[in-house]
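Worksheet: the structure to be examined is printed underneath.
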Amino acid sequence: MRIRLYNARILTMEKDSPVFTGEVWVEDEKIVHVAEDRPSAGQANAEGFSAGQTNAEGSSAGQINAEGFSAGQANKEGFSAGQAKAEGASAGRTKAEGSSAGGLSAGQSLAGRLSADAFCSGQVLPEVRWDMELDCKGNLLMPGFKNAHTHSGMTFLRSYADDVPLQKWLNEKVFPMEAKLSGEDIYHLARLAVLEYLTSGITAIFDMYLKPDETAAACMDTGMRCVLTSGLNHFTSSVRQQEEEYRKWNNANPLISYRLGFHSEYTCSRQLLEGVAELARQFKAPVYTHLAETKKEVEGCRERYGMTPAVFLDSLGIFEYGGGGYHCVHMTEEDMDVFKKHGMYAVTNPASNMKLASGTAPIAEYVRRGIPVAVGTDGPASNNCLDMFREMFLVSGLSKLREEDASSLDAEEVLRMATVSGAGAMGLENADVLAAGRLADMILIDLHQPNMQPVHNIPKNLVYSGSKANVCMTMVNGRILYRNGEFFVGESPEGIYAKCGEIVKRILQEV
């Protein structure tokens, strides 16, 4: 599948790369070309492009407008043929002057025929037959957000257990309901979460929940990229099961990968934790866990082991190969030294921490110390929405409030946390920025909305005034899964909503 996205503002998120106007080419699951705008029709001959290549709209024929997709795309990706609407007049292809003999047919690789500078240097490009050409109409293409901590299957608890302290929330509300969940329940509930991720421009999730195989199946069936980690604790999973999951999901499907993890220090015995440390050594792999989320958690670990959670876990060798902590609200200087020493990620979840009155993480201090920070929503039972725009605003706003300094954390740094740093935390370095060779995980942001005008600074607009309402397209692995309010995930939203409603009704009757 070859897709050309043109007439776009592009924020690649590469370091020191400004927003520019240009286009992105996608072949199958990869980005094969990112470049500034090609010449206009009047400049084409001087620059080495055929005059017929670019019309007044900046498009070649067979291109797809804002209302739909080509009929050829319909059969493969689930778009209806009735959506297609041609804007041009000739065949759906882009052709460089003198290249008719060297064109690319459906069976030839586009990536192999492009050099990094060919697009703007006047070199002759091969003829390209596009499956889809999408006019971005001056809107913003950027990497998708990486939700670096979530519990997708918990959608059934949204707004069921609110306005109570964390321990009461867990023990009296969450755990009794979760005990009634089947694997099939989790599959359907996770699909509901995927719909919400897509509307928020999230292209990858770092998910910890019961029965990870079901979450993986839900993500594969809907097209979402997912990094799984274990919620190992006294009651769920085992070291052996985690080893089996690690081996299975790091080789099973390109959308799914797996990182070692456990729920928390306070829900695991020392023996279990030593088993995780042994797995980390065996696979030379990073480990992730809930860490320093509440004062009570930290105090309890000190009573048990005479150390904070981060220091205790490090003493067992769990973080020998790095990893990260979810929440990281109540961290000491010694804890931060552990993170710095091992190159660990602090994954902040500001909405959940604020709603459960857990506290505010010292994000500005992490940045000063060079500790990488990623952003997650946490689960829909404690947040309650899966919205990265809200998280970004809170990361910045709460940091300023905590530091009593409006300059303590720049919006562009926060945007990087939600994209590039999140990819690093999740082991998705091949999906961090928009660049040739990277995975085609990207979103289109509608800049033609009141909250994004005027356009003084696009990154700051995204963090301070952006909204999930601005997300008009979400692409994962080269497939458009959400566009202009429509989902292309293999089933109607109404069908997913109905199934989840049935699950909730049954569980409430059983509890």
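The values are calculated or read from the model by the stated rules, or taken from the named source; none is laboratory data. All of these numbers come straight from a predicted model, not from anything done at the bench. No Cβ is skipped: glycine too gets one built from the backbone with ideal geometry, and neighbour counts run over all protein chains shown. Just so you know, the surface numbers come from the protein's heavy atoms only, side chains and all, with ligands and any DNA or RNA stripped out. Shrake-Rupley method; radii C 1.70, N 1.55, O 1.52, S 1.80 Å.
Of note:
- Cα shape, segment 290-333, gyration tensor, a/c 1.5 rule: oblate
- Descending semi-axes in Å of segment 359-511, equivalent ellipsoid built from Cα gyration tensor: 29, 22, 17
- Order by protection proxy (mean Cβ within 10 Å, highest first), peptides 373-381, 487-495: 373-381, 487-495
- In segment 205-300, Cα pairs under 8 Å separated by at least six residues give a relative contact order of 25 percent.
- Both radii were evaluated on the Cα set of segment 341-415; the Rg over Rh quotient, with Rh as the Kirkwood radius, amounts to 0.95.
- Size of electric dipole in segment 155-313: Cβ of Lys, Arg +1 and of Asp, Glu -1, about Cα centre, debye, nearest 20: 340
- Carbon/sulfur fraction of accessible area - segment 305-457, other protein chains in place, 1.4 Å, %: 50
- Sorting 426-434, 317-325 by their mean Cβ neighbour count within 10 Å, with the most densely packed peptide first, gives 317-325, 426-434.
- Solvent exposure of segment 471-511 as accessible area per residue, Å², 1.4 Å probe: 46
- Solvent exposure of segment 182-264 as accessible area per residue, Å², 1.4 Å probe: 31
- The simple spin-label model puts a point 7 Å past each Cα toward its Cβ; for Ala252 and Asn430 those points are separated by 1.9 nm.
- Applying a threshold of 30 Å to the alpha-carbon distances of Lys180/Lys400; Lys296/Lys505; Lys30/Lys468 flags Lys180/Lys400; Lys296/Lys505 as lying beyond it.
- If you take the Cα centroid of segment 397-438 and the Cα centroid of segment 154-203, the two points sit 26 Å apart.
- Rg/Rh for segment 291-388, where both radii come from Cα atoms and Rh is the Kirkwood radius: 0.97
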